[in-house]
Structure formats: C-alpha cells, structure tokens
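S.K.: Structure provided below as structure tokens; questions to follow.
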Amino acid sequence: MRIIGLAYESLEPGIYMHDLVDRTYRIPYPSDGTDILVRRLLEIGRIEKIDVLFPNFDAELLAFMKSREVLEKEGIHTFLPELGQFEERHKANLPAFGKKYGVSVPEGKPVANIRELKEALEDYEYPVVIKGKFYDAYIAGNFEQAAMYFNKISAKWGLPIIIQEFIRGTEVNVIALGDGKGNTIGAVPMRKLYITDKGKAWSGITLDDPRMLELTNHIIRSTRWRGGMELELIKSEKGEFFLIEINPRIPAWVYLAVGAGQNLPEALVKLALGIETQPFTDYRKGVLFIRYSFDLITDISEFEKLSMFGEL
C-alpha cells in the first residue's frame, strides 16, 4: 500500500511524516473552483495510480461528490454521501431533517446578517448556540456575544450562520459507516472526556449505550447513508437524545473505533472498491483515547521543495 498525501498548505505536519506518507502533493483550495481542484487531482492520479480517495474536510466534500463520475473514469474510487443526503443534513436544514426522519433536533434557524440575527433571537431564550455552516460553535449569553460570534464565524467560514437552541446535558458522539443501502457496517459511540477551546475531543471513551446505536441505525436505514459519518448528540438531563449535527465524513477520532475493534477505514476502502464487506457486530466498551502533540523536526529544504515544486 502507498499513501499519497494531498496538502493545501506547506506547513501541514503530515507532509513531513515520511514513515506514514509516501509522497505528498500540493492541491488548490476548493474555493479556487471545482474544475481546478479536480484537474490537479487527475494529474496526480495519472502519476500515482490512485485507487481510493478519502476527503477529510466538510468544505472539500461537495467538489469531490460532484466529480465522482469523472474520478471513477480515471480509476479513482470514492465512497461519499449522495448530494441529496449531504444537503439535507446541513446545519441549516437540521430541523427539517429531524421532522422528516422522526429524530429530536434542537430548534434552529439560519441568518445572513446582524438584523436577521437580532430578529431571530427574539424567539429564543439565552444561552443560544451560534454555529458556522462548516465549523465552529459558540455559546452566547446575550445579544452582544451573539453578534460578536456571528462576525467571527462569518469572517472565517461565510454565511449563513445558524442559531440553535441550547440543550443542557452531556455531549456524546457516534462514528458510523453506512453501505448506501440502509445497512450499518459499523458504529461506535463515545463520550468526550476532555474538550479543547475549539470544542474538539482531546480525550474520549467508548460507551455501552444501545439507544445511541438504535438512533444511529435508524438514521442510516432511513436515509440510506453512503459512507462515513459522525453524529453529534446531546443527552439531556432527562435522558433524551438530541441530534445537533451530522458530520458527513470520518471524524478525527476514528482510531478509537479501530482500537475498540471496528476498523472502519479498512471497511471504507472495501466499500469503495466494491469488495463485499461484513458488518461489525460488536466493539470493546470502556476503551479510552488520549490525543497528544509532538514537535516534528525537519529541514527547511523539505519545505522549499514542496513550496517550489508542489510535491515532496
């Protein structure tokens, strides 16, 4: 197996992890245009004979989903959600998603400017959650905070910004993989033990909670979800689960699922290549992950090569 890294920036650390990545290529941002991104990817594919492509960021998924047939003609396989699935689980569409599939979802509303924000907040009690369309979420205790977070997130990720009802409770997550036919290939629930100031899990533990798995199976079966997903849930103080987000790809904490006995990345490769894949039936409960960071030492010549020639 050869692992080809695709990098947007010259300081992405994976570029320099030569024990993990065989070769790295710079690619243009999706915001530069889908055609430009796909053209570059096809160039790389002809050199490296790429079999399977794994997008990792919400912002790049749409470009690769739209280009699925073009990529497959060149032998580059993906296993991504369908466009309809991707669109209906957007944060702005989540209340409608909940009604359609019978899932409890906090009240939410997209807004495009400060005036709309102020008017919309009249229907909510503080605190409220202010969320970006791709990333970032903040809890606001008053209008001034809400306006500050609106400007901060919109400057980074664009519009709309989503206002969401704040549900008191414990945040829990599920990583899952659907085969596109309504079947769950694997699912592992987790509770975050340590959360960064960005809301990211720095530590977590697998849970024994059949109701989380039932909810996951219901969503995958109802939507016929294709590919990886992460469900972000709040377990309220009364014990009810509220769906607050569906991330349409494998999350960063995927290795916890592997450590608990479900190798979802391997299963995703098989699905992409059309290889028969048996569903996982169990996982280890009480498995813990703790993330860590370290200093990667490399030479400036490596940085220069990627910056000048677009590959390393």
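All of the numbers you see were taken from the coordinates with simple rules; none came from a lab. Source: prediction; values computed, not measured. Glycine gets a Cβ as well: all are built from the backbone with ideal geometry, and neighbour counts include every protein chain shown.
S.K.: Normalised by the number of residues in segment 153-193, what is the relative contact order in percent for Cα pairs under 8 Å and 6+ residues apart?
M.R.: In percent, rounded to a whole number, it is 31.
S.K.: Work out, in µm²/s and without decimals, the Stokes-Einstein translational diffusion coefficient of segment 107-165 at 4 °C, 1.567 mPa s, Rh from Kirkwood over C-alpha pairs.
M.R.: 120
S.K.: Also: In segment 15-76, which chymotrypsin sites (Phe, Trp or Tyr not before Pro) fall in coil by DSSP and have 12 or fewer other Cβ atoms within 10 Å?
M.R.: Phe57
S.K.: Right, another one. Any number yet on Rg/Rh for segment 168-290, C-alpha, Kirkwood?
M.R.: When Rh is taken as the Kirkwood radius, the ratio is 0.95.
S.K.: Can you work out D for the chain in µm² s⁻¹ from Stokes-Einstein, where Rh is the Kirkwood radius over C-alpha pairs, the temperature is 20 °C and the viscosity is 1.002 mPa s?
M.R.: This corresponds to a translational diffusion coefficient of 102 µm²/s.
S.K.: How large is the convex hull of the Cα atoms of segment 39-145 per residue, expressed in Å³ as a whole number?
M.R.: Cα convex hull per residue, to the nearest whole number: 134 Å³.
S.K.: Okay, moving on. For Thr196, Thr206, Thr184, what ranking results if the residue with the fewest other Cβ atoms within 10 Å of its Cβ goes first? Let's see the in-between values first.
M.R.: Details: Thr196 10, Thr206 23, Thr184 19.
With the sparsest Cβ surroundings first, the list reads Thr196, Thr184, Thr206.
S.K.: Further question: Counting other Cβ atoms within 10 Å, which trypsin sites (Lys or Arg not before Pro) in segment 169-204 have at most 13 and lie in a DSSP loop?
M.R.: Lys181, Lys198
S.K.: What does the charge count around Gln85 come to, taking other residues whose C-beta lies under 15 Å from its C-beta (Lys +1, Arg +1, Asp -1, Glu -1)?
M.R.: Value of the local net charge: +3.
S.K.: Toward the positive end of the charge dipole of the chain, about the Cα centre and with charges on Cβ (Lys, Arg +1; Asp, Glu -1), which of Thr184, Gly5, Phe64 goes farthest?
M.R.: Working it through, the farthest residue towards the positive pole turns out to be Thr184.
S.K.: Whole number please: convex hull volume per residue of the Cα set in segment 243-312, in Å³?
M.R.: Enclosed volume per residue, from the Cα hull, is 195 Å³.
S.K.: Where the Cα atoms of segment 4-78 are projected onto their three principal axes, how long is each span, largest first, in whole Å?
M.R.: Its Cα atoms span 32, 25, 18 Å along the three principal axes.
S.K.: Could you size up the charge dipole of segment 27-116 around its Cα centre, putting +1 on the beta carbon of Lys and Arg and -1 on that of Asp and Glu, and report it in debye to the nearest 20?
M.R.: Computed charge dipole of segment 27-116: roughly 260 debye.
S.K.: Could you list Phe303, Phe97 in order of exposure, starting from the residue whose Cβ has the fewest other Cβ atoms within 10 Å?
M.R.: Phe303, Phe97
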